[in-house]
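Since every read-out is calculated from the coordinates, none of them should be taken as a lab result. Bear in mind the structure is a predicted one, so any value in this text is a computation, not a measurement. Reconstructed Cβ throughout: ideal geometry from the backbone, glycine too, with neighbour counts over all protein chains shown.
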Amino acid sequence: MRTISRRAVLQAMAAAPVAGAVLGTPHIARAAQFQFKYGNNLPLSHPLNKRSQEFAERIAKDSGGRVEIKIFPDNQLGGDTDMLAQVRNGGITFFTPSALVIATLVPVAAISAVGFAFSGYDQVWPAMDGALGAHVRDAIAKVGLHTFEKIWDNGFRQMTTSGKPIQAAADMAGLKIRVPVSPLSISMFKGLGSSPVSLQFSEVYSSLQTKIVDAQENPLPIIQVAKLYEVQKSCTLSNHIWDGFWFIANGRAWNSLPPDLQGIVGTAINESGMQQRGDIKALNDGIVADLKSKGLAFNAADPESFRTKLRDAGFYADWKTRFGAEAWGLLEGAVGKLA
């Protein structure tokens, strides 16, 4: 049992004169011309932060020390909605919200997270690197944010519980499950008959520990690195949502960079994103065995019972209307008929 929250420890470290958990570029002899902050909600051990440290070092080197990026992981700069507000007002320059988080600002960004839409990565990457992803980036640009071309992988989301395992849609009835601050997630889980509770990711562990909620849903790497297996008993491999991290930048800060530096930064971030996708794949290949060894039980679920429940609840028809014909057409062009 933890007596001090992980977030409290990290906030104390961030407030100290030397914030040891803050990653950044190697020491350079002179101050960088452009100094940027990048915040995210993931622990240092997650592949996103490992690849981010690499691109920060690469950018410092390739720019001749003109660009310095300091990385603030694990909610050091606040929760998801806090950081989204900060990247909009210029308090931080870079942020990697999941599609579900940025959808609170740009609703169509959630199109990739429609429940039980993607059957696998053979559908995800052609869609997100193609027309569907371009459609979302165009929408994000309209709120003054620059979005890099390659979305980073957050993975397929799975459900965990502190009680009985979830086998089919009927098992969702009345389940108190934590979901992101996302209208789409709330709508989906209500459609499945559960009682979703929207909480910041920084609150998930403590909320499970204190039984504010009984279940949660996240990709396996996050379940692993956030140690959610310590407060959950079983995991259902539902693949109910694929989620990615859009790498976004404050538009004014991005436009302040000369074209040559935009090229250096953009290339490094996009190429690191492609490497991070490979990291997540490799991590997923061995993660179930690791989590089983830590006491988490696993079961598979048939997605068709969930799709049927969502169709009957009007979930797909409702969100087709909300997203609009163009966006929905791009989604169904990638995954097949849903509504």
**Complete:** Amide H proximity to Gly155 below 5 Å, modelled H, separation 5+ or other chain, gives Asp243
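How do Val136, Val225 line up, fewest other C-beta atoms within 10 Å first?
Placing the least packed residue first, the sequence is Val225, Val136.
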**Message:** Distance between the C-alpha centers of the range 240-270 and the range 30-77? Whole Å please.
**Reply:** 12
**Item:** Under-5 Å amide H pairs with Ile92, H placed in peptide plane, nonlocal only
**Value:** Val87
**Asked** Residue by residue through the range 112-118, which ³J(HN,Hα) values in whole Hz follow from phi under the Karplus form 6.51 cos²θ - 1.76 cosθ + 1.60 (θ = phi - 60°), with glycine and proline marked x?
**Response** 6, 9, 4, x, 6, 7, 7
**Message:** Under 8 Å for C-alpha pairs, at least 6 residues apart: give me the relative contact order for the chain, rounded to a whole percent.
**Reply:** 23
**Item:** Surrounding net charge for His46, when Lys and Arg each add one and Asp and Glu each subtract one, Cβ distance under 10 Å
**Value:** 0
**Fill in**
Cα-based Debye curve of the range 7-335 sampled at q = 0.15 Å⁻¹ gives log₁₀ I(q)/I(0) of -1.28
**Message:** Suppose the Debye formula is applied to equal point scatterers at every Cα of the range 114-252; what is log10 I(q)/I(0) at q = 0.17 Å⁻¹?
**Reply:** -0.97
**Asked** So what's the back-of-envelope 222 nm ellipticity for the chain, counting only DSSP H runs of four-plus at -39500 (n - 2.57) apiece and dividing by all residues, rounded to 500?
**Response** -13500 deg cm²/dmol
**Request:** Identify the residues of the range 102-144 with backbone N under 16 Å of a label point that sits 7 angstrom from the Cα of Thr81 along the Cα-to-Cβ direction, or state none.
**Result:** 102-107
**Asked** According to a simple spin-label model (label point 7 Å from Cα along Cα-to-Cβ), what is the distance in nm between Gln35 and Lys164?
**Response** 5.8
**Request:** Provide the per-residue ³J(HN,Hα) series for the range 135-152, in order, calculated from phi with Karplus coefficients 6.51, -1.76, 1.60 and θ = phi - 60°, each as a whole number of Hz, with x at glycine and proline positions.
**Result:** 4, 5, 4, 4, 5, 5, 4, 5, 9, x, 10, 8, 10, 6, 5, 9, 6, 8
**Mean Cβ neighbour count within 10 Å, used as a protection proxy, ranking 85-97, 274-286 highest first** = 85-97, 274-286
**Request:** Would you mind putting 294-306, 211-223, 236-248 in packing order, based on average other-beta-carbon counts within 10 Å, highest first?
**Result:** 236-248, 211-223, 294-306
**Fill in**
Surrounding charge for Glu217, neighbours by C-beta under 15 angstrom, Lys/Arg +1, Asp/Glu -1, total +1
**Request:** List every residue whose amide H lies under 5 Å from the amide H of Val197, counting only residues 5 or more places away in sequence or on a different chain, with H placed 1.01 Å from N in the peptide plane.
**Result:** Ile177, Arg178, Val179
**Item:** Bridge type composition, the range 7-335 - antiparallel percent by DSSP, nearest 5
**Value:** 55
**Message:** Can you give the local net charge around Ala169? Use residues other than it whose beta-carbon is closer than 15 angstrom to its beta-carbon, Lys and Arg +1, Asp and Glu -1.
**Reply:** 0
**Prompt:** Whole-Hz Karplus ³J(HN,Hα) for the range 204-215, in order, using 6.51 cos²θ - 1.76 cosθ + 1.60 and θ = phi - 60°, x for Gly and Pro?
**Reply:** 5, 4, 5, 5, 6, 5, 9, 6, 4, 10, 9, 8
